[in-house]
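Notes follow the structure.
The values are calculated or read from the model by the stated rules, or taken from the named source; none is laboratory data. For clarity, every value in this text was computed on a predicted model and none was experimentally measured. Heads up, the Cβs are rebuilt from the backbone with ideal geometry, glycines too, and the neighbour counts pull from every protein chain shown. Heads up: the accessible areas ignore ligands, DNA and RNA and are worked out on the full protein's heavy atoms, side chains in. Shrake-Rupley method; radii C 1.70, N 1.55, O 1.52, S 1.80 Å.
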Amino acid sequence: MYEVHLSRGNVRSATLPTEAITIAQQQQAPRRNRLNRDRVLRTAVALADQAIDVPTMRTLAQELGVVPMALYKHVANKEDLVDGMVDLVFGEVAFPTGADWKTAMRQRAISMRQALLRHRWAVGLMEARKRPGPADLRHHNAVLACLREASFSFQAAVHAYSALDSYIYGFALQEKTFPFTTPQESGEAVETMLALQPPSVAQDYPYLVEVALELGKSGYDYAVEFQVGLDLLLDSIDQLRPQWRSPAS
């Protein structure tokens, strides 16, 4: 027992149990962040964003300050970890509702590209999950719902979805591998490349040199080029979809 004596007024001495003092001290002490699945996945995503690659379980454990075996209480294995990481990326992709299908598909494509810019490691993993998570499933269902409810036949919806994803992921892969990220950087890279070529290159490859000279001035703007190609694709889908019929329609 621990006694506390109060001398003011007529208040008598009070006696507090040791357990109460211990509880009060624990409540005042800062709590360590407890490990859970969400924290594991978000830490893995943050590490992958820095390295442009999925971290090993050992690296992830070191970042979290735990032994590797502690992770397996929250993720079954490496594949489960990647499934969860990809699902977080799908959760970032906006899919507006209430718009016409072309506007909705355009906004969805731009949002997907932006998510893949933030998480470059995810390119190539988004459509490869054997056990897709809830955000992944909601996203795919929403895209199909938008197309089907806009009077796309079953086959037309499949063709449109496949074409759009091929464009989005293909553009993101190309963007991931280029050694520059801004129009200014691209212009500087092209100028450097052109300066390293022999004088005969202008005569042998005049159209390539023209591109290099123009890009050296203005640079290559990924966002602009992506949206130009996207609009071309959406217009083509709109024109061709009446021909995409199948018995399953």
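Basic side chains Lys and Arg get +1 at the Cβ, acidic Asp and Glu get -1 at the Cβ, and with that the dipole of the range 59-164 about its Cα centre reaches some 180 debye. Extending 7 Å from the Cα toward the beta-carbon at both LEU137 and ASP204 defines two label points whose distance is 5.7 nm.
Averaging Cα coordinates gives a centre for the range 55-80 and one for the range 188-243; these two points are 43 Å apart. Shown is the FRET efficiency for ALA195 and SER162, computed with R0 = 41 Å from the Cβ-Cβ distance and rounded to the nearest 0.05: 0.50.
Using a probe radius of 1.4 angstrom, the carbon and sulfur fraction of the accessible surface of the range 103-152 is 51%. Once the Cβ-Cβ distance of ASP80 and GLN243 is raised to the sixth power relative to R0 = 45 Å, the FRET efficiency obtained is 0.60.
With a simple spin-label model that places each label point 7 Å from the Cα along the Cα-to-Cβ direction, the separation between LYS102 and SER236 comes to 1.6 nm. Taking every protein chain into account, the accessible area of the range 92-193 amounts to 51 square angstrom per residue (probe 1.4 Å). Looking at the range 53-111, the trypsin sites (Lys or Arg not before Pro) that sit in a DSSP loop and have at most 16 other Cβ atoms within 10 Å of their own Cβ are LYS73. Rounded to 0.05, the FRET efficiency of the ARG42 and GLN184 pair, given R0 = 30 Å and the Cβ-Cβ distance, is 0.40.
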